[in-house]
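A short write-up of the structure that comes next.
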Amino acid sequence: MCWNKNKNKKESKYALVSENDIKDPYPYVFIEENGEVRELHPSERRFFEMPMYPTDGSVPHIKKSYYHRDRYGSISGNCRRSKIPPHLVIQDPPEEDPTVINK
């Protein structure tokens with residue numbers, strides 16, 4: 001538990017994907033900048049399954065819809081699978097870990 005300074009109450013950690021939600025197909029996908037949609041790499045999945053405090057700055061941002069763009073105009077980001085238009089093909093996850101910046 002964490003003390004929430006603004007609400008004077010304790011917050012609990014939670015995971016975006018609970019143990020009950022870990023199934024195939026996975027509930028989240030990633031939208032690339034070119035608009036293609038892909039499955040998450042296992043390292044990305046682990047991040048979604050890690051308990052975090054709601055006020056933690058590292059909680060992944062989830063797009064409201066496939067078409068939602070950020071303030072810079074980018075379409076890329078994590079999205080619920082249910083928000084992906086049915087005509088789009090969801091690609092396999094990348095073989096290399098996309099969270100590793102330098103090798």
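No lab work stands behind these numbers, since they all come straight from the coordinates. Source: prediction; values computed, not measured. Note that we place each Cβ from the backbone using ideal geometry, even for glycine, and neighbour counts take in every protein chain shown.
Side notes on the structure shown:
- For TYR53, TYR14, TYR72, order by how many other beta-carbon atoms lie within 10 Å, fewest first: TYR72, TYR14, TYR53
- Residues LYS63, LYS83, LYS13, LYS23 arranged by fewest to most Cβ contacts within 10 Å: LYS23, LYS13, LYS83, LYS63
- Charging the Cβ of each Asp and Glu at -1 and of each Lys and Arg at +1, and nothing else, the dipole of the chain about its Cα centre rounds to 800 debye.
- Among ILE62, ILE90, ILE22, the largest mean-square fluctuation in a Gaussian network model of the chain, built with springs joining Cα atoms closer than 10 Å, belongs to ILE22.
- Over the chain, the hull volume per residue, using the convex hull of the C-alpha atoms, is 146 Å³.
- Annotation: the residues HIS68, HIS87, HIS41, HIS61, sorted from fewest to most other C-beta atoms within 10 Å of their own C-beta, follow the order HIS87, HIS61, HIS68, HIS41.
- Helix-only [θ]222 nm of the chain, DSSP H runs n ≥ 4, -39500 (n - 2.57) each, per residue, nearest 500: -2000 deg cm²/dmol
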